[in-house]
Every structure is written in C-alpha cells, then in structure tokens.
Amino acid sequence: MKRFVILAMAIIACCLWDGPQARAADAWTQRQIVLEAAALTAIGADWLQTRDIAEHPDKYRETGCFGILGQSPDKSNVDIYFASWAAIHLTVSHLLPSDYRELWQIGTTFAVVVATADNAAIGIRFEW
C-alpha cells in the first residue's frame, strides 16, 4: 500500500506541477467519452471482484494490482486503491493529447476486461 501512495502522490504532483507546458487538455470527442466510460466501467468491475477476493481470503488470492494490495487485501485498502486508480485514469486521460488519449483508454479497457474475465472464469463475483 505504501508503494501505491507514493506512486499516486508522484502522479498527482506531476499533474499539478506548473513546469514545462505539457498540459494537453484537448477537447474530448464523443468516441473518447465513450471509451473513458468503458475504461471506468471495467475498473469498477475489477474493483468489485477485488472486494470479493478481500471478502474470501481463504478461497482467493490477489495477484494483480502490481503487488500493491498484497495477496489478502483489506476492503478499505481495495476501495482506496480503486477510487484513486479511477481518478488518476480520468486525470491522465484529460491531460493526454487527443491522439494518445484513445490508446490509453483502449489499452486500459482491454487489460482490465481480460483480467476480470479470467477472474469471472474462476468464480470471482461482481458484488459490492
């Protein structure tokens, strides 16, 4: 969890830093709005599944999240992690130039959908 907090703080600092003018904030197309909604929906599904993992530590082990949450995560840490991830994803999407924004959104959605499909295949539920 400590690594995640440090990473989140670094990303937020970079976004707020008024150094070199790297802020894109291009206007969003309708397609990009739909892609971001898909990415956030996928993140939400992963969030629900990870809460199920936390609720059943005797049955499942967490292997994703880059090791940040550990094998038996606590629900409160899961909630903090995913709420932060969703906010950071939206912020990065906003700051990226339009051409890169879609790649970011599609890449995230693809990776998370693959992970949640694998989780669903072994019985991990989508329940709050």
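The values are calculated or read from the model by the stated rules, or taken from the named source; none is laboratory data. Please read these numbers as outputs of a predicted model, since none were measured by experiment. Positions of Cβ are generated from backbone atoms using ideal geometry, with glycine treated the same way; all protein chains shown enter the neighbour counts.
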Taking the residues in region 99-122 that are over 19 Å from D46 (Cα atoms) and modelled with pLDDT of 90 or more as candidates, determine which candidate is surrounded by the fewest Cβ atoms within 10 Å (Cβ to Cβ).
L103
Do we find that F82 is at pLDDT below 85 and assigned to a helix (DSSP H, G or I) in this structure?
no
Only residues in region 73-101 that are within 18 Å of E127 (Cβ to Cβ) and without any contact (Cβ under 8 Å) to a residue 40 or more places away in the chain count as the first member; pair them with residues that are of a type in the set (D, E, K, R) and assigned to a helix (DSSP H, G or I), Cβ under 6 angstrom, at least 6 apart or cross-chain, and list the lot.
K75/R51; V78/R51
State all residues of region 99-128 that are over 14 Å from L48 (Cβ atoms) and outside any helix (DSSP H, G or I); if no residue qualifies, say none.
I122
All positions within region 45-64 that are modelled with pLDDT of 85 or more and under 13 Å from A115 (Cβ atoms):
A45, D46, W47, L48, Q49, T50, I53
Restricting attention to region 86-98, which residues are at pLDDT 95 or above and either outside any helix (DSSP H, G or I) or within 24 Å of H56 (Cβ to Cβ) (or both)?
A86
